[in-house]
Structures are given as structure tokens and as C-alpha cells.
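This report concerns only the one structure given below.
The values are calculated or read from the model by the stated rules, or taken from the named source; none is laboratory data. Source: prediction; values computed, not measured. Because the Cβ atoms are built from the backbone with ideal geometry, glycine has one as well, and the counts that use them run over all protein chains shown.
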Amino acid sequence: MRAKLVAGNWKMYGSLAANLKLLTHIKEAAAGLRCGAAVCVPFPYLEQARSALSGTSVAWGGQNVSEHEEGAYTGEVSAAMLQEFGCRYVLVGHSERRALFAESDSTVAAKFAQAQRAGLIPILCVGETLAEREDGVTAAVVTRQLDAVLNDSGVAALSRAVLAYEPVWAIGTGKTASPEQAQEVHALIRARVAQSAAAVAEGLQILYGGSVKPGNARELFAMPDIDGGLVGGASLVAEDFLAICAAA
Ligand code: 13P
């Protein structure tokens, strides 16, 4: 059995005061959690997450990382810097980065490689838009996004990574993929990895993201290839985040 993981993606929300309340709640509940849990926070709050969560079972991470190791890249943050702040995870290829910041498959693959080089566990996000789903190219899109990383880093790299399937049409819209719709894509991702390495595929945690809430988490996480969730909005509310962890 693969362990379940619930990762919160705070996106560009929060303040020192609001985070303190949220992190304190999470910290208090951490000892009772029976799944893996993590929060991916804005860069300026990494130290706050570290000081709140050190010594607990809850990990923290970034939401983005530079594809470069270091250098004259004003405004960028390197994987080594995230590692220094105790990050276990970093999101790469979130659909908002792909769509709003023009991150290509090859850029995402380079970020993935940088993260692993620094000892971080990348959470590689893949997923189709509504137009792509309606055009019947969901499998092709997800496979292309996955293959960019497989071709660059090799299949063995996925034994030190997490996948997240996030259909773009389900993000922040309140429209969740049905458990069956999500399961279909999760199974496809696992099968794709299994073509190169069955054992890696078997051990790979594949999270679902897109309007995960306390009310729908349990049925999603009950599907055989859904190993937890990547949670946006609901991760900003301690009760909701913890309820989703309880469902996992
Ligand atoms: P929501 O849970 O707010 O739909 O966001 C999902 C997401 O993008 C997590 O990375």
C-alpha cells in the first residue's frame, strides 16, 4: 500500500498573522495525523513554516523553483535555497505557472531536475484544460507533460518525486473531477510510468488536485490510484485541511 499524502498549496495568500493561526492549528493536530502532510507556502513564509513545523510530522515546501542552479537571475529562488530552509517538497509545473508565467514542458523538466539535484522532492503537476478535455486530448496532454520529465531525468527519478494530477478546469472552480474521471487519468499516468519501470510506477504517489474539500476527499482518496490530494483553497482553513488529512 502506498502511503497517502495531503499537500496544501497556499498560492499567493497569507500574512504572518493569518499563517500563525493556521500553522498553530496544524501543529497541534500533527501528532494525530495518519497520512503524510505538507504545506507549500510563499517564499517569504518558509522560515515561519520551518519554525512552526520543525519536529512535527508535517513537512513544508515551496511553490516554484528556478530552473537554474545559481547566477544572475534577479527575482528567482534556487533549489539549494529552498533546501537550506528545510523544504522537503517543491511544486513544479503547476498549471498557474504554465499558463500565467509561460512555463514550457522543458522549463518544468529543468525545474524538476534542479529540485532533485538539491535533494528536494518535486511535486510534478500535470493536467488538461477544459478545451483539451472537450477535444478528447486529455491523455495526450498529460502524457506529453509527463514524458518531458521522463525523457529529461529518466524514470528512476520518479522514485524520488510525487505526481499531482490537476485538471485545470477543476482548480478554484468548485468543479471537482468525479472520482472515476480522476481515477482514469491517475491510472493512465501510472501505466505510462510502468511501461518503463513497473516498480517505480507501483511506488509512485499520485495526488489529485482541483477543488478538493472535506466533503469530496474521502471518495476521491478511495480510488485505487489516488494517493492523496494537492489542496488549494481548503488548505487555508485549518479545519478543512485537517479534515482532508483525516479523510486520507
Ligand atoms: P483548489 O483546491 O483551490 O481548487 O486549488 C487546487 C490547486 O491548484 C492546488 O495546487
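A few notes on this one:
- Number of the condition not met by THR143 [criteria: (1) crowded, with 20+ Cβ neighbours inside 10 Å; (2) on the phi < 0 side of the Ramachandran plot; (3) in contact with a Lys or Arg (Cβ under 7 Å, 6 or more places away or on another chain)]: (1)
- In the range 5-35, the residues that are over 14 Å from CYS87 (Cα atoms), within 16 Å of the ligand (Cβ to nearest atom) and out of contact with any Ser or Thr (no Cβ under 7 Å at 6 or more places or on another chain): LEU5, VAL6, LYS11, MET12, TYR13, GLY14, LEU22
- ILE171 passes every criterion in (1) hydrophobic (A, V, I, L, M, F, W, C); (2) within 12 Å of the ligand (Cβ to nearest atom); (3) over 20 Å from GLU134 (Cα atoms) apart from (3).
- First in the range 78-105 and within 12 Å of the ligand (Cβ to nearest atom) and among the β-branched types (Val, Ile, Thr), second anywhere and part of a helix (DSSP H, G or I) and at pLDDT 95 or above, Cβ under 6 Å, 6 or more apart: VAL92/VAL108; VAL92/LYS111; VAL92/PHE112
- Close Cβ contacts (under 6 Å, 6 or more residues apart or on different chains) running from residues in the range 163-179 that are farther than 10 Å from CYS125 by Cα to residues that are more than 10 Å from the ligand (Cβ to nearest atom) and of a type in the set (S, T, N, Q) comprise VAL168/THR129; THR176/ASN216.
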